[in-house]
Amino acid sequence: MTSSRPYLIRALHEWVVDNGMTPHILVNAEMEGVSVPHQFIENGKIVLNISPSSVMGLELGNEYISFNARFSGSPTDIFLPVSAVIALYARENGQGMVFGEEDTPPTDGSPPPEGGGDTPTGGPKGDAKVERPKLRVVK
């Protein structure tokens, strides 16, 4: 099956906007294919405001997300693979979703491993103690 992440990103974006909130995405800026302004990266991550009033030409595709936004007054083209999105949430109340690691289906015909994937809990099943990612508000 294809990844559920791009579909969840589009649905969450619409949900946040429909509720009059400001959608933000937390992005792994160190992932290959991510094109964002380097001066705004902190600890390998960047938070991007993707509200309709803040960006132009937003495309939430199945493989990539692209748009144009202003950073310090300069228009900048942003391009990133969907797999680089760590979370999408509303700035005002923090509601949204943290995404788990992408599962790659095995090519040898064996069944997929238990747990992981794009789940609302974002973590593997079982007894393994895994620390959940934490979001912090960046203003």
### Summary
Subset of segment 63-82, residues modelled with pLDDT of 95 or more, touching a helix residue (DSSP H, G or I) at 6+ places or on another chain (Cβ under 9 Å) and not acidic (D, E), comes to Y64, I65, V82
### Message
Return the pair list, or none, for Cβ contacts closer than 7 Å from residues in segment 3-20 that are aliphatic (A, V, I, L, M) to residues that are part of a helix (DSSP H, G or I), at least 6 apart or on different chains.
### Response
I9/V82
### Task
Would you be able to tell me the number of residues in segment 27-68 that are part of a strand (DSSP E or B) and in contact with a His (Cβ under 8 Å, 6 or more places away or on another chain)?
4
### Task
Quickly run through segment 60-94 and pick out the residues that are farther than 15 Å from L48 by Cβ and either of a type in the set (F, W, Y) or touching a residue at least 40 places away in the same chain (Cβ under 8 Å) (or both).
G61, N62, E63, S83, E92, N93, G94
### Task
Can you confirm whether segment 15-35 contains a residue that is closer than 22 Å to V137 by Cβ, within 13 Å of the chain's Cα centre (by Cα) and either among the charged types (D, E, K, R) or surrounded by fewer than 13 Cβ atoms within 10 Å (Cβ to Cβ) (or both)?
no
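The values are calculated or read from the model by the stated rules, or taken from the named source; none is laboratory data. Being a predicted model, the structure only gives us computed values, none of them experimental. Using ideal geometry, Cβ is built from the backbone for each residue, glycine included, and neighbour counts are taken over all protein chains shown.
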